[in-house]
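Novice: What follows is a single structure, and I will ask about it in a moment.
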Amino acid sequence: MLSYRHAYHAGLHADVFKHLVLTLLARSLLQKDKPFFYLDTHAGPGCYDLGSEMAQKNREFETGIARLWSEDAAPEPVMAYLDVVRRLNPPGRLRMYPGSPRIVRDWLRPRDRMTLCELHPKDTKSLRTEFAEDRQVRVETMDGYQALKALLPPAERRGLVHVDPAFERKDERRLLLEALQEGYRRWAAGIYAVWFPIQDRSATDDFRRRLERSGIRKILLAEFSVLDQDETRRLIGSGMAIINPPWQLDETLRDILPWLWEKLSVDGQGEYRLDWLVGE
C-alpha cells in the first residue's frame with residue numbers, strides 16, 4: 001500500500017480531463033456569494049515538477065498538458081484551466097504541473113476554504129510545504145474514505161468533494177462506493193467528483209452498474225479515452241462521475257469534449273462519452 005506515486009504520471013491525458021472538469025466545478029461555485037468548502041480525499045503532493053526524475057522516466061505529460069501548452073484559441077473553459085497551469089510557469093516554458101489542490105485553490109475567494117487529505121508521508125510533507133501559512137488550506141494526514149465520514153457535512157453547506165484514489169487495491173471500487181454512499185448520506189446536497197481509470201472495459205461497466213444501484217441521485221458520467229480498448233496494458237482513459245452537477249455542466253462538456261479529444265487522441269483512437277447515469 002501507498003506505493004503509488006502520481007509524479008510518474010503527472011500531466012498526462014487523464015489529468016487534463018480531470019482538472020478541466022474540476023475547473024468547471026470550482027468556477028460554478030463562484031456564481032453565489034456564499035462561501036464554499038472543498039475536500040480532496042486523496043490530494044497527492046499538490047504540485048509536480050515535470051523536470052523531475054519521476055516525471056521524466058516515461059514523460060507521460062507529453063500525452064496531455066504538453067499538447068495543449070501552446071494553445072491560444074481553445075474553448076473558454078479550457079483556457080481557464082490552462083491559465084491556472086501557466087501561472088505556475090515562466091512565460092513559454094512548461095515545467096510545473098498543478099495537482100487538484102492547486103487547481104481548485106486558484107479559484108478560492110477569501111471566505112472559501114479547503115481540506116486536503118493524504119496518507120503518503122512524502123506527499124503529505126510536500127502538501128504542507130506547498131500551502132504553508134495559507135490559512136484557507138488545512139492538510140490532514142487522514143484516510144480519504146474516512147474523511148467522507150469525519151468531515152461532512154461542512155459548516156458552509158455548499159461545496160465540492162473530489163475523490164481520486166490510486167486504485168492500487170483490488171477492492172478499491174467497493175471501498176470507494178461504500179465511502180461515497182456514507183458521504184452522500186451525510187451531505188446529499190454537495191457536489192461530488194469521482195475519478196476512475198479506464199483500462200478494462202468490463203471493470204468500468206461493472207463500476208457503472210454499481211454506481212447506478214448505489215441509491216445516489218443525479219449522477220452525470222463523463223468518460224474520456226485516447227486509445228482503443230485493445231490496448232490493455234496501458235491507461236487508455238479515465239472517467240468522472242459527478243454527483244449533483246451544476247446547471248448546464250452537461251451542455252458545457254458536450255461542447256468541449258470533442259475539441260479535447262481531437263487534441264489528445266492518439267491517431268484518432270479512443271472515444272468520449274457523456275450520459276446521465278441516474279436522474280433526479
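The values are calculated or read from the model by the stated rules, or taken from the named source; none is laboratory data. This structure is a prediction, so every number in the text was calculated from the model and none was measured. Because the Cβ atoms are built from the backbone with ideal geometry, glycine has one as well, and the counts that use them run over all protein chains shown.
Novice: Could you check the stretch 34-73 and list, in sequence order, the residues that are of a type in the set (A, V, I, L, M) and either touching a Phe, Trp or Tyr at 6+ places or on another chain (Cβ under 7 Å) or surrounded by 22 or more Cβ atoms within 10 Å (Cβ to Cβ) (or both)?
Specialist: Within the stretch 34-73, Leu39, Ala43, Leu50, Met54, Ala55, Ile65 meet the criteria.
Novice: When the residues of the stretch 2-58 are narrowed to those that are in a loop (DSSP other than H, G, I, E, B) and of a type in the set (Gly, Ala, Ser), which ends up modelled with the lowest pLDDT?
Specialist: Going through the qualifying residues, I end up with Ser3.
Novice: While we're looking at this one, here's another question. Filter the stretch 76-132 for residues that are in contact with a strand residue (DSSP E or B) (Cβ under 8 Å, 6 or more places away or on another chain) and of a type in the set (S, T, N, Q); which is surrounded by the most Cβ atoms within 10 Å (Cβ to Cβ)?
Specialist: Ser100
Novice: Just checking, how many residues over the stretch 137-152 are of a type in the set (Ser, Thr, Tyr) and either without any contact (Cβ under 8 Å) to a residue 40 or more places away in the chain or within 13 Å of Pro45 (Cα to Cα) (or both)?
Specialist: 1
Novice: Next up: Hey, among Ala193, Ala241, Ala203, Ala222, which residue is aliphatic (A, V, I, L, M) and surrounded by fewer than 16 Cβ atoms within 10 Å (Cβ to Cβ)?
Specialist: Among Ala193, Ala241, Ala203, Ala222, only Ala203 is aliphatic (A, V, I, L, M) and surrounded by fewer than 16 Cβ atoms within 10 Å (Cβ to Cβ).
Novice: Restricting the search to the stretch 157-180, which residues are at positive phi and either outside any strand (DSSP E or B) or modelled with pLDDT under 95 (or both)?
Specialist: Passing the criteria: Arg157, Phe167.
Novice: For the stretch 199-235, what are the residues that are β-branched (Val, Ile, Thr) and at pLDDT below 95?
Specialist: Within the stretch 199-235, Thr204, Thr232 qualify.
Novice: If a residue has to be within 15 Å of Tyr145 (Cβ to Cβ) and either part of a helix (DSSP H, G or I) or among the β-branched types (Val, Ile, Thr) (or both) to count, how many in the stretch 181-213 make the cut?
Specialist: 7
Novice: Can you tell me which residue within the stretch 167-190, out of those that are among the aliphatic types (A, V, I, L, M) and crowded, with 22+ Cβ neighbours inside 10 Å, is nearest to Ile216 (Cα to Cα)?
Specialist: Leu180
Novice: So which residues in the stretch 248-274 are out of contact with any Leu (no Cβ under 9 Å at 6 or more places or on another chain) and in contact (Cβ under 8 Å) with a residue 24 or more places away in the chain, if there are any at all?
Specialist: The answer is Asp255, Trp259, Trp261, Glu271.
Novice: Being in a helix (DSSP H, G or I) and in contact (Cβ under 8 Å) with a residue 60 or more places away in the chain is the filter here, so list the residues in the stretch 82-120 that pass it.
Specialist: Residues satisfying the conditions are Val84, Ser100, Pro101, Ile103, Val104.
Novice: With the condition kept exactly as written, say whether any residue in the stretch 153-166 is surrounded by fewer than 21 Cβ atoms within 10 Å (Cβ to Cβ), within 12 Å of Ala43 (Cα to Cα), touching a Cys at 6+ places or on another chain (Cβ under 9 Å) and aliphatic (A, V, I, L, M).
Specialist: Checked against the condition, which is being surrounded by fewer than 21 Cβ atoms within 10 Å (Cβ to Cβ), within 12 Å of Ala43 (Cα to Cα), touching a Cys at 6+ places or on another chain (Cβ under 9 Å) and aliphatic (A, V, I, L, M), the stretch 153-166 yields no hits at all.
Novice: Quick test of your reading of the structure: Arg254 fulfils all but one of (1) more than 30 Å from Gln146 (Cβ to Cβ); (2) modelled with pLDDT of 95 or more; (3) outside any helix (DSSP H, G or I). Name the failing condition by number.
Specialist: Checking Arg254 against (1) more than 30 Å from Gln146 (Cβ to Cβ); (2) modelled with pLDDT of 95 or more; (3) outside any helix (DSSP H, G or I), the one that fails is (3).
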